[in-house]
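S.K.: One structure, as structure tokens, below. Some questions next.
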Amino acid sequence: MKPAQDKKASDALIESAAEMILEAEYPIALTGAGMSVESGIPPFRGPGGLWTKYGEPPMNGFQRFLADPKKAWEERLSSRNDELYKPLTEAKPNPGHLALAELEQLGVLRFVITQNIDDLHRQAGQRAIAEIHGNWKLVRCLECALRFRREQIDFSELPPKCPECGGLIKSDTVSFGEPIPIDMLNLCAEHSARADLVIVAGTSATVYPAAGFALEIKQRGGAMVEVNLYESELTPLCDISLRGGSAEILPRLAQAIAILRKHRAS
Ligand SMILES: [Zn+2]
């Protein structure tokens, strides 16, 4: 077990991180479940986790979907799912999400790769983003890979069909057994190839392929800044580790960056 909480990041350390981020040419961020938890979304696993309560989804969920998409959609649209998705419906972006969106607006942060499906980065105003595990509010055509909002789709006949190509429509969230959509992987690869710094927030970055993008930046000689409540397996690789929740640390970081920019401009 880890200690209850490691010592919080000092202002001086936050300022060092802010300087490092401002010096980088192409900083990106990788975010994970810790940011969702701080918006009141329970994690999937562990005590109080959604899967602990409702059972883990089948490991071959994607194959089961393909075998009987009509039944899969009937289950998906059932009332049981309403409860399962209630925390997602009620969640709002936290100050951490808003801080990353602000850094994008300042022209500092170039891209966000998130493992989260909760849509909160978008709701915070983040525009340059790849949701590698999908977005729970969207559906995706398995043929042409176009994403749609649910209200754009006719659910009167199941399984629903793509309005563009007639292909099979699935939830955009990536099921067990389903490959990460190739367009998302390409987008992440494109931006991480340009990145010389990665802010890893709210994730221990042990889930691939997301972790691979962060590690690749580091291995190429880029910098890594971690924002996490606890030490993670990435901590020894990090140039700076900022202890604390994303909702607390990222706004402090964004503020420090904004102040430094002002000083440099004047
Ligand atoms: Zn299509």
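Rule-based calculations on the coordinates, nothing more; no lab input. Just so it is clear, the model here is predicted, and its values are computed rather than measured. Don't worry about glycine lacking a Cβ; one is built from the backbone with ideal geometry, like all the others, and counts go over all protein chains shown.
S.K.: Output the Kirkwood hydrodynamic radius of the stretch 174-266, Cα pairs only, in Å rounded to one decimal.
M.R.: Kirkwood radius, the stretch 174-266: 14.7 Å.
S.K.: First select every other residue whose beta carbon is under 14 angstrom from the beta carbon of residue 107; then total the charges, Lys and Arg +1, Asp and Glu -1.
M.R.: Charge balance in the 14 Å sphere: +2.
S.K.: For a distance above 23 Å, tell me the whole-number percent of Cα pairs in the stretch 1-156 that qualify.
M.R.: In whole percent, the share of Cα-Cα pairs in the stretch 1-156 beyond 23 Å is 50.
S.K.: Residue 259 label point, 7 Å along Cα→Cβ, cut-off 18 Å on backbone N: hits in the stretch 202-242?
M.R.: Those under the cut-off are 242.
S.K.: Using amide H atoms built in the peptide plane, which far-off residues or other-chain residues are under 5 Å from residue 29 H to H?
M.R.: 111, 112, 113, 199
S.K.: Of all the Cα-Cα pairs you can form in the stretch 123-240, what percent are over 21 Å apart?
M.R.: 49
S.K.: Between residue 85 and residue 23, what FRET efficiency follows from the Cβ-Cβ distance if R0 is 35 Å, with the result rounded to 0.05?
M.R.: Efficiency for this residue pair is about 0.25.
S.K.: Considering only DSSP states other than H, G, I, E and B, which GluC sites (Glu not before Pro) in the stretch 157-244 qualify as loop sites with at most 15 other Cβ atoms within 10 Å?
M.R.: Those satisfying the criteria are 157, 164, 233.
S.K.: Which value at 222 nm does the chain reach when only helices count, each DSSP H run of 4 or more adding -39,500 (n - 2.57), with the total divided by all residues and rounded to the nearest 500 deg cm²/dmol?
M.R.: Theoretical 222 nm ellipticity from helices: -11500 deg cm²/dmol.
S.K.: Let me ask you something else. Could you count how many Lys pairs in the chain have their Cα atoms under 14 Å apart, skipping same-chain pairs fewer than 8 positions apart?
M.R.: Lysine pairs, 8 or more places apart or on different chains, close enough: 8.
S.K.: Within a Cβ distance under 9 Å of residue 141, other residues only, what is the Lys/Arg minus Asp/Glu net charge?
M.R.: That sum, taken over residues with Cβ under 9 Å, equals +2.
S.K.: Any chance you could list P(r) for the chain, counting all Cα-Cα pairs in 5 angstrom bins from zero, rounded to whole %?
M.R.: 1, 6, 12, 17, 18, 16, 12, 8, 6, 3, 1, 0, 0
S.K.: If you line up the Cα atoms of the stretch 154-216 on their principal axes, what length do they span on each, largest first, in Å?
M.R.: That works out to 47, 22, 18 Å along the principal axes.
S.K.: Output the 0 to 90 degree angle, nearest 10, between the alpha-carbon long axis of helix 246-265 and the longest principal axis computed from the alpha carbons of the chain.
M.R.: That works out to roughly 50 degrees.
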